[in-house]
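Notes for the one structure printed next.
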Amino acid sequence: KHSDGKYLVTLIEGDGIGPEISQSVKDIFSAANAPIKWESVDVTPTLKDGKTVIPDEAIDSVTRNSIALKGPLATPVGSGHVSLNLTLRRTFGLFANVRPCKSIAGYKTPYDNVDTVLIRENTEGEYSGIEHVVVDGVVQSIKLITREASERVLRFAFQYAQDVGKPKVRVVHKATIMKMSDGLFLSIAREVAKDFPNVEFDAELLDNACLKIVSDPTPYNDKVLVMPNLYGDILSDMCAGLIGGLGLTPSGNISKDVAIFEAVHGSAPDIAGKALANPTALLLSSIMMLQHMGLYEHADKIQSAIFKVLAEGKTITGDLGGKAKTHEYADAVIKAL
Ligand code: NAD
(Lines give C-alpha, C1' and ligand atoms only; values in the text may rest on other atoms or scores of the structure.)
Protein backbone atom coordinates (compact mmCIF):
# COMPACT_ATOMS: atom_id res chain seq x y z
CA LYS A 1 0.00 0.00 0.00
CA HIS A 2 1.31 3.40 -1.00
CA SER A 3 1.48 6.33 1.45
CA ASP A 4 -1.62 7.94 -0.13
CA GLY A 5 -3.72 4.87 0.72
CA LYS A 6 -3.53 3.47 -2.79
CA TYR A 7 -2.17 0.06 -3.74
CA LEU A 8 0.77 0.00 -6.11
CA VAL A 9 0.17 -2.38 -9.00
CA THR A 10 2.62 -3.15 -11.79
CA LEU A 11 1.19 -2.45 -15.23
CA ILE A 12 2.68 -4.21 -18.24
CA GLU A 13 0.87 -2.49 -21.10
CA GLY A 14 2.11 -4.98 -23.66
CA ASP A 15 2.38 -4.88 -27.44
CA GLY A 16 0.01 -4.17 -30.32
CA ILE A 17 -3.38 -3.15 -28.89
CA GLY A 18 -1.93 -3.44 -25.34
CA PRO A 19 -1.40 0.30 -24.75
CA GLU A 20 -4.89 1.18 -26.08
CA ILE A 21 -6.77 -1.31 -23.91
CA SER A 22 -4.55 -0.44 -20.92
CA GLN A 23 -5.55 3.21 -21.35
CA SER A 24 -9.22 2.21 -21.07
CA VAL A 25 -8.51 0.37 -17.81
CA LYS A 26 -6.61 3.38 -16.43
CA ASP A 27 -9.38 5.82 -17.41
CA ILE A 28 -12.17 3.66 -15.98
CA PHE A 29 -10.29 2.93 -12.74
CA SER A 30 -9.61 6.59 -12.20
CA ALA A 31 -13.27 7.53 -12.87
CA ALA A 32 -14.35 4.81 -10.41
CA ASN A 33 -11.91 6.08 -7.78
CA ALA A 34 -10.37 2.64 -7.50
CA PRO A 35 -7.50 2.85 -4.99
CA ILE A 36 -4.88 1.70 -7.48
CA LYS A 37 -1.68 3.47 -8.44
CA TRP A 38 -0.17 2.01 -11.61
CA GLU A 39 3.54 1.45 -11.95
CA SER A 40 4.17 0.99 -15.67
CA VAL A 41 7.10 -1.20 -16.66
CA ASP A 42 8.60 -2.22 -19.95
CA VAL A 43 9.18 -5.93 -20.49
CA THR A 44 10.79 -5.73 -23.93
CA PRO A 45 13.04 -8.79 -23.79
CA THR A 46 16.77 -8.69 -24.02
CA LEU A 47 19.04 -11.56 -24.89
CA LYS A 48 21.49 -12.43 -22.13
CA ASP A 49 23.92 -15.28 -22.86
CA GLY A 50 21.58 -16.48 -25.61
CA LYS A 51 18.58 -16.58 -23.28
CA THR A 52 15.48 -14.37 -23.36
CA VAL A 53 15.32 -12.34 -20.17
CA ILE A 54 12.96 -9.72 -18.82
CA PRO A 55 14.56 -6.44 -17.67
CA ASP A 56 15.42 -6.49 -13.95
CA GLU A 57 13.35 -3.34 -13.38
CA ALA A 58 10.18 -5.12 -14.46
CA ILE A 59 10.93 -8.18 -12.30
CA ASP A 60 11.70 -5.97 -9.29
CA SER A 61 8.44 -4.06 -9.74
CA VAL A 62 6.27 -7.21 -9.88
CA THR A 63 8.13 -8.72 -6.91
CA ARG A 64 7.78 -5.54 -4.86
CA ASN A 65 4.08 -4.96 -5.62
CA SER A 66 3.15 -8.67 -5.80
CA ILE A 67 0.25 -7.79 -8.15
CA ALA A 68 0.43 -7.03 -11.85
CA LEU A 69 -1.94 -6.40 -14.73
CA LYS A 70 -0.56 -7.42 -18.07
CA GLY A 71 -1.54 -6.64 -21.64
CA PRO A 72 -0.77 -9.10 -24.46
CA LEU A 73 2.86 -9.65 -25.40
CA ALA A 74 3.86 -10.46 -28.96
CA THR A 75 6.20 -13.41 -29.15
CA PRO A 76 9.27 -12.37 -31.15
CA VAL A 77 9.73 -14.56 -34.20
CA GLY A 78 13.13 -16.16 -34.61
CA SER A 79 15.26 -18.69 -32.84
CA GLY A 80 16.75 -17.96 -29.44
CA HIS A 81 13.56 -16.33 -28.18
CA VAL A 82 11.40 -18.23 -25.75
CA SER A 83 7.88 -16.80 -25.52
CA LEU A 84 7.82 -13.91 -23.05
CA ASN A 85 4.73 -15.36 -21.43
CA LEU A 86 6.60 -18.58 -20.73
CA THR A 87 9.53 -16.55 -19.43
CA LEU A 88 7.21 -14.68 -17.04
CA ARG A 89 5.66 -17.96 -15.90
CA ARG A 90 9.09 -19.43 -15.16
CA THR A 91 10.52 -16.26 -13.61
CA PHE A 92 7.72 -15.95 -11.07
CA GLY A 93 6.78 -19.61 -10.67
CA LEU A 94 3.18 -18.98 -11.76
CA PHE A 95 1.80 -22.43 -10.97
CA ALA A 96 -1.94 -21.92 -11.40
CA ASN A 97 -3.91 -20.38 -14.23
CA VAL A 98 -7.43 -19.32 -13.28
CA ARG A 99 -9.99 -18.84 -16.05
CA PRO A 100 -13.53 -17.76 -15.15
CA CYS A 101 -16.03 -17.74 -18.05
CA LYS A 102 -19.26 -15.88 -17.39
CA SER A 103 -21.96 -15.24 -19.99
CA ILE A 104 -22.22 -11.65 -21.07
CA ALA A 105 -25.73 -10.31 -21.49
CA GLY A 106 -26.03 -8.65 -24.87
CA TYR A 107 -23.57 -10.99 -26.49
CA LYS A 108 -25.65 -13.87 -27.77
CA THR A 109 -24.05 -17.31 -27.81
CA PRO A 110 -25.66 -20.78 -27.96
CA TYR A 111 -25.67 -20.81 -24.14
CA ASP A 112 -27.03 -18.39 -21.55
CA ASN A 113 -26.05 -18.32 -17.88
CA VAL A 114 -22.60 -19.85 -18.20
CA ASP A 115 -20.50 -19.18 -15.10
CA THR A 116 -17.62 -21.66 -15.03
CA VAL A 117 -14.24 -21.42 -13.30
CA LEU A 118 -11.37 -23.56 -14.42
CA ILE A 119 -8.01 -23.87 -12.70
CA ARG A 120 -5.14 -25.32 -14.66
CA GLU A 121 -1.86 -26.65 -13.30
CA ASN A 122 0.60 -24.51 -15.18
CA THR A 123 4.09 -25.91 -14.70
CA GLU A 124 4.32 -29.61 -15.51
CA GLY A 125 2.20 -32.51 -16.76
CA GLU A 126 2.24 -33.03 -20.50
CA TYR A 127 3.98 -29.67 -21.03
CA SER A 128 7.14 -30.49 -19.09
CA GLY A 129 9.12 -30.33 -22.31
CA ILE A 130 10.85 -33.67 -21.75
CA GLU A 131 10.93 -35.33 -25.15
CA HIS A 132 13.48 -37.47 -26.91
CA VAL A 133 14.02 -39.78 -29.83
CA VAL A 134 14.22 -43.42 -28.80
CA VAL A 135 15.25 -44.67 -32.24
CA ASP A 136 14.62 -43.22 -35.67
CA GLY A 137 10.84 -42.96 -36.10
CA VAL A 138 10.04 -43.41 -32.40
CA VAL A 139 9.81 -40.48 -30.00
CA GLN A 140 8.89 -40.36 -26.37
CA SER A 141 7.30 -37.49 -24.47
CA ILE A 142 7.18 -37.62 -20.70
CA LYS A 143 4.24 -36.44 -18.65
CA LEU A 144 5.60 -35.38 -15.30
CA ILE A 145 3.29 -35.22 -12.29
CA THR A 146 4.77 -34.39 -8.90
CA ARG A 147 3.21 -34.40 -5.47
CA GLU A 148 4.56 -30.91 -4.84
CA ALA A 149 3.08 -29.20 -7.91
CA SER A 150 -0.20 -31.12 -7.68
CA GLU A 151 -0.74 -30.34 -4.03
CA ARG A 152 0.09 -26.66 -4.60
CA VAL A 153 -2.52 -26.21 -7.35
CA LEU A 154 -5.13 -28.37 -5.62
CA ARG A 155 -4.79 -26.52 -2.33
CA PHE A 156 -5.14 -23.26 -4.25
CA ALA A 157 -8.29 -24.57 -6.00
CA PHE A 158 -9.98 -25.57 -2.73
CA GLN A 159 -9.08 -22.25 -1.13
CA TYR A 160 -10.33 -20.37 -4.19
CA ALA A 161 -13.61 -22.32 -4.20
CA GLN A 162 -14.12 -21.43 -0.56
CA ASP A 163 -13.25 -17.76 -1.09
CA VAL A 164 -15.47 -17.15 -4.13
CA GLY A 165 -18.46 -19.06 -2.77
CA LYS A 166 -18.47 -21.95 -5.23
CA PRO A 167 -18.20 -24.64 -2.59
CA LYS A 168 -17.56 -27.60 -4.89
CA VAL A 169 -14.24 -28.68 -6.39
CA ARG A 170 -14.21 -31.18 -9.23
CA VAL A 171 -10.99 -32.76 -10.48
CA VAL A 172 -11.04 -33.52 -14.20
CA HIS A 173 -8.74 -36.43 -14.98
CA LYS A 174 -8.06 -39.59 -16.93
CA ALA A 175 -6.89 -41.79 -14.11
CA THR A 176 -8.57 -44.78 -15.72
CA ILE A 177 -5.79 -44.76 -18.36
CA MET A 178 -3.07 -42.60 -16.78
CA LYS A 179 -3.23 -44.69 -13.65
CA MET A 180 -0.06 -43.47 -12.00
CA SER A 181 0.16 -39.82 -13.09
CA ASP A 182 -3.49 -38.74 -13.00
CA GLY A 183 -3.94 -41.31 -10.25
CA LEU A 184 -1.48 -39.38 -8.09
CA PHE A 185 -3.18 -36.05 -8.89
CA LEU A 186 -6.53 -37.54 -7.91
CA SER A 187 -5.32 -39.15 -4.70
CA ILE A 188 -3.68 -35.91 -3.58
CA ALA A 189 -6.99 -34.15 -4.29
CA ARG A 190 -8.71 -36.59 -1.94
CA GLU A 191 -6.13 -35.81 0.76
CA VAL A 192 -6.37 -32.04 0.32
CA ALA A 193 -10.19 -32.23 0.37
CA LYS A 194 -10.00 -33.41 4.01
CA ASP A 195 -8.56 -30.01 4.97
CA PHE A 196 -11.59 -28.24 3.45
CA PRO A 197 -14.64 -29.79 5.09
CA ASN A 198 -16.89 -27.01 3.78
CA VAL A 199 -15.99 -27.68 0.17
CA GLU A 200 -17.54 -30.66 -1.59
CA PHE A 201 -15.20 -32.73 -3.70
CA ASP A 202 -15.73 -35.06 -6.62
CA ALA A 203 -14.03 -36.11 -9.86
CA GLU A 204 -15.01 -36.57 -13.48
CA LEU A 205 -13.35 -38.16 -16.48
CA LEU A 206 -12.10 -35.65 -19.03
CA ASP A 207 -14.04 -37.03 -22.00
CA ASN A 208 -17.27 -37.13 -20.04
CA ALA A 209 -16.70 -33.57 -18.78
CA CYS A 210 -16.24 -32.27 -22.35
CA LEU A 211 -19.41 -33.98 -23.53
CA LYS A 212 -21.45 -32.71 -20.59
CA ILE A 213 -20.17 -29.12 -20.62
CA VAL A 214 -20.96 -28.56 -24.29
CA SER A 215 -24.35 -30.25 -23.89
CA ASP A 216 -25.36 -28.09 -20.92
CA PRO A 217 -22.82 -25.98 -19.04
CA THR A 218 -25.15 -24.81 -16.26
CA PRO A 219 -24.58 -27.79 -13.87
CA TYR A 220 -20.95 -26.64 -13.75
CA ASN A 221 -21.79 -23.15 -12.49
CA ASP A 222 -21.47 -24.03 -8.81
CA LYS A 223 -18.14 -25.85 -9.22
CA VAL A 224 -14.46 -25.02 -9.56
CA LEU A 225 -12.83 -27.38 -12.03
CA VAL A 226 -9.15 -28.20 -11.49
CA MET A 227 -6.91 -30.32 -13.68
CA PRO A 228 -3.42 -31.07 -15.02
CA ASN A 229 -1.80 -28.81 -17.60
CA LEU A 230 -2.85 -30.17 -21.01
CA TYR A 231 -6.47 -30.84 -20.07
CA GLY A 232 -6.68 -27.35 -18.60
CA ASP A 233 -5.21 -25.75 -21.70
CA ILE A 234 -7.81 -27.33 -23.93
CA LEU A 235 -10.83 -27.19 -21.63
CA SER A 236 -10.25 -23.55 -20.68
CA ASP A 237 -10.44 -22.49 -24.33
CA MET A 238 -13.49 -24.70 -24.79
CA CYS A 239 -15.20 -22.91 -21.90
CA ALA A 240 -14.20 -19.54 -23.37
CA GLY A 241 -15.98 -20.63 -26.54
CA LEU A 242 -19.19 -21.08 -24.53
CA ILE A 243 -19.31 -17.36 -23.72
CA GLY A 244 -18.20 -15.98 -27.06
CA GLY A 245 -14.51 -16.63 -27.36
CA LEU A 246 -11.10 -15.56 -26.18
CA GLY A 247 -11.74 -11.85 -26.76
CA LEU A 248 -13.97 -11.64 -23.69
CA THR A 249 -12.07 -13.93 -21.35
CA PRO A 250 -9.96 -12.80 -18.40
CA SER A 251 -7.39 -14.85 -16.51
CA GLY A 252 -5.18 -14.86 -13.46
CA ASN A 253 -1.76 -16.44 -13.06
CA ILE A 254 -0.93 -17.26 -9.50
CA SER A 255 2.33 -18.04 -7.71
CA LYS A 256 3.25 -18.27 -4.04
CA ASP A 257 4.22 -14.59 -3.94
CA VAL A 258 2.76 -12.81 -6.95
CA ALA A 259 -0.38 -12.75 -9.09
CA ILE A 260 -0.45 -11.53 -12.68
CA PHE A 261 -3.82 -10.87 -14.34
CA GLU A 262 -4.18 -10.77 -18.10
CA ALA A 263 -6.57 -11.03 -21.02
CA VAL A 264 -6.43 -14.34 -22.82
CA HIS A 265 -6.24 -12.82 -26.32
CA GLY A 266 -3.06 -11.75 -28.10
CA SER A 267 -1.71 -8.41 -29.27
CA ALA A 268 -4.01 -8.24 -32.34
CA PRO A 269 -1.41 -6.63 -34.64
CA ASP A 270 -4.02 -6.42 -37.42
CA ILE A 271 -6.03 -3.76 -35.58
CA ALA A 272 -3.34 -2.16 -33.39
CA GLY A 273 -3.21 1.64 -33.28
CA LYS A 274 -6.64 2.04 -34.89
CA ALA A 275 -8.76 2.41 -31.73
CA LEU A 276 -10.72 -0.69 -32.74
CA ALA A 277 -9.69 -2.96 -29.86
CA ASN A 278 -12.18 -4.23 -27.32
CA PRO A 279 -10.75 -3.67 -23.83
CA THR A 280 -13.36 -5.90 -22.10
CA ALA A 281 -11.11 -8.92 -21.50
CA LEU A 282 -8.38 -6.79 -19.90
CA LEU A 283 -11.03 -4.94 -17.90
CA LEU A 284 -12.51 -8.21 -16.63
CA SER A 285 -8.94 -9.29 -15.75
CA SER A 286 -8.53 -6.09 -13.77
CA ILE A 287 -11.77 -6.94 -11.94
CA MET A 288 -10.38 -10.37 -11.04
CA MET A 289 -7.38 -8.47 -9.74
CA LEU A 290 -9.52 -6.21 -7.54
CA GLN A 291 -11.33 -9.28 -6.17
CA HIS A 292 -7.99 -10.96 -5.49
CA MET A 293 -6.99 -7.85 -3.53
CA GLY A 294 -10.24 -7.96 -1.55
CA LEU A 295 -11.52 -4.73 -3.15
CA TYR A 296 -14.93 -6.25 -3.87
CA GLU A 297 -16.95 -3.02 -3.87
CA HIS A 298 -14.85 -1.42 -6.56
CA ALA A 299 -14.84 -4.67 -8.52
CA ASP A 300 -18.65 -4.93 -8.43
CA LYS A 301 -19.13 -1.30 -9.36
CA ILE A 302 -16.89 -1.44 -12.43
CA GLN A 303 -18.17 -4.86 -13.50
CA SER A 304 -21.81 -3.74 -13.37
CA ALA A 305 -20.99 -0.71 -15.51
CA ILE A 306 -19.27 -2.90 -18.12
CA PHE A 307 -22.11 -5.42 -18.22
CA LYS A 308 -24.65 -2.60 -18.51
CA VAL A 309 -22.93 -1.07 -21.53
CA LEU A 310 -22.54 -4.47 -23.21
CA ALA A 311 -26.17 -5.42 -22.52
CA GLU A 312 -27.42 -2.14 -24.00
CA GLY A 313 -25.36 -2.91 -27.09
CA LYS A 314 -25.28 0.69 -28.27
CA THR A 315 -21.65 1.53 -27.66
CA ILE A 316 -19.75 -1.69 -28.36
CA THR A 317 -16.65 -2.38 -30.42
CA GLY A 318 -16.44 -3.93 -33.88
CA ASP A 319 -15.59 -7.45 -32.74
CA LEU A 320 -18.99 -7.56 -30.98
CA GLY A 321 -20.79 -6.16 -34.01
CA GLY A 322 -20.77 -2.51 -32.94
CA LYS A 323 -19.15 0.64 -34.29
CA ALA A 324 -17.65 2.24 -31.17
CA LYS A 325 -13.98 3.08 -30.88
CA THR A 326 -12.05 1.77 -27.87
CA HIS A 327 -12.24 5.11 -26.03
CA GLU A 328 -15.94 5.61 -26.87
CA TYR A 329 -16.73 2.27 -25.23
CA ALA A 330 -14.58 3.23 -22.23
CA ASP A 331 -16.42 6.56 -21.98
CA ALA A 332 -19.77 4.75 -22.02
CA VAL A 333 -18.57 2.54 -19.15
CA ILE A 334 -17.48 5.65 -17.25
CA LYS A 335 -20.94 7.20 -17.77
CA ALA A 336 -22.54 3.98 -16.51
CA LEU A 337 -20.45 3.96 -13.31
P1 NAD B 1 -4.74 -12.42 -31.30
O2 NAD B 1 -5.56 -12.79 -30.13
O3 NAD B 1 -3.80 -11.30 -31.14
O4 NAD B 1 -5.70 -12.09 -32.53
C5 NAD B 1 -6.66 -12.99 -33.08
C6 NAD B 1 -7.83 -12.20 -33.72
O7 NAD B 1 -8.65 -11.67 -32.68
C8 NAD B 1 -7.36 -11.00 -34.55
O9 NAD B 1 -8.20 -10.86 -35.65
C10 NAD B 1 -7.54 -9.83 -33.60
O11 NAD B 1 -7.78 -8.61 -34.26
C12 NAD B 1 -8.73 -10.26 -32.76
N13 NAD B 1 -8.65 -9.71 -31.39
C14 NAD B 1 -7.85 -10.15 -30.38
N15 NAD B 1 -8.03 -9.40 -29.28
C16 NAD B 1 -8.96 -8.48 -29.59
C17 NAD B 1 -9.56 -7.41 -28.87
N18 NAD B 1 -9.24 -7.14 -27.60
N19 NAD B 1 -10.46 -6.63 -29.50
C20 NAD B 1 -10.81 -6.88 -30.78
N21 NAD B 1 -10.27 -7.88 -31.51
C22 NAD B 1 -9.36 -8.66 -30.93
O23 NAD B 1 -3.95 -13.74 -31.74
P24 NAD B 1 -2.74 -13.91 -32.77
O25 NAD B 1 -2.97 -13.04 -33.96
O26 NAD B 1 -2.59 -15.35 -32.96
O27 NAD B 1 -1.45 -13.41 -32.01
C28 NAD B 1 -0.85 -12.11 -32.19
C29 NAD B 1 0.35 -11.98 -31.25
O30 NAD B 1 -0.10 -12.07 -29.88
C31 NAD B 1 1.41 -13.06 -31.39
O32 NAD B 1 2.69 -12.44 -31.30
C33 NAD B 1 1.17 -13.98 -30.23
O34 NAD B 1 2.36 -14.61 -29.81
C35 NAD B 1 0.69 -13.01 -29.18
N36 NAD B 1 -0.16 -13.64 -28.11
C37 NAD B 1 0.04 -13.20 -26.84
C38 NAD B 1 -0.75 -13.69 -25.81
C39 NAD B 1 -0.52 -13.16 -24.43
O40 NAD B 1 0.31 -12.29 -24.23
N41 NAD B 1 -1.20 -13.69 -23.43
C42 NAD B 1 -1.77 -14.61 -26.08
C43 NAD B 1 -1.96 -15.02 -27.40
C44 NAD B 1 -1.15 -14.52 -28.42
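The values are calculated or read from the model by the stated rules, or taken from the named source; none is laboratory data. As the structure is a prediction and not an experimental result, all values here were calculated from the model. Neighbour counts run over all protein chains shown; Cβ positions are idealised from the backbone, glycine included. To get the accessible areas, we keep the full protein, side chains included, count just its heavy atoms, and leave off ligands, DNA and RNA. Shrake-Rupley method; radii C 1.70, N 1.55, O 1.52, S 1.80 Å.
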Study note, to complete from the structure: The extension gain from LEU211 to GLN23, computed as 0.36 nm times the residue separation minus the Cα-Cα distance, is 63.7 nm
Study note, to complete from the structure: Simple spin-label estimate for SER187/ASP115, 7 Å along Cα→Cβ, in nm, reads 3.7
Check your understanding: Along the charge dipole of the chain, which of PHE196, THR91, PRO110 sits closest to the positive end, that is, farthest toward it, with unit charges on the beta carbon of Lys, Arg, Asp and Glu (+1, +1, -1, -1)?
Key -> PHE196
**Study point:** Long-range amide H partners of LYS168 with built H, under 5 Å
**Key:** GLU200, VAL224
**Study point:** Fully extended contour minus Cα-Cα distance, from LYS323 to ASN33, at 0.36 nm per residue
**Key:** 101.6 nm
Review point. Unpartnered cysteines of the chain (Cβ-Cβ under 4.7 Å counts as a partner)?
Key: CYS210
Review point. Considering the Cα trace of region 238-302, what is its radius of gyration and what is Dmax, both in angstroms?
Key: 13.1, 38
Review point. Reachable aspartates and glutamates from LYS212, Cα under 16 Å, same-chain residues fewer than 8 places away excluded?
Key: ASP112, ASP115, ASP202, GLU204, ASP222, ASP237
Check your understanding: Given the protein chains as shown and a 1.4 Å probe, how many square angstrom of SER215 are accessible, to the nearest 10?
Key -> 80
Review point. Here are some pairs, LYS37/LYS223; LYS37/LYS194; LYS37/LYS335; LYS166/LYS323; which of them have Cα atoms lying more than 28 Å apart in this structure?
Key: LYS37/LYS223; LYS37/LYS194; LYS166/LYS323
Practice item. Over the alpha-carbon set of region 19-97, work out the extent along each principal axis and list the three values in angstrom, largest first. Key: 44, 25, 24
Point to revise | Net charge, GLY93 excluded, C-beta distance under 9 Å - Lys, Arg +1, Asp, Glu -1 | key: +2
Point to revise | Net length gained if the chain between LEU47 and SER141 were fully extended (0.36 nm per residue, minus Cα distance) | key: 31.0 nm
Practice item. For LYS256, list the aspartates and glutamates whose Cα falls under 15 Å from its own Cα; do not include residues on the same chain fewer than 8 positions away. Key: GLU121, GLU148, GLU151
Review point. Top mean-square fluctuation among ASN122, ASN97, ASN113, Gaussian network model of the chain, C-alpha springs under 10 Å?
Key: ASN113
Practice item. Evaluate the distance, in nm, between pseudo-label points positioned 7 Å from the Cα of LYS6 and of GLN159 along their respective Cα→Cβ axes. Key: 2.9
Review point. How long is the chain along each principal axis, judged by its Cα atoms, biggest number first, in Å?
Key: 57, 51, 44
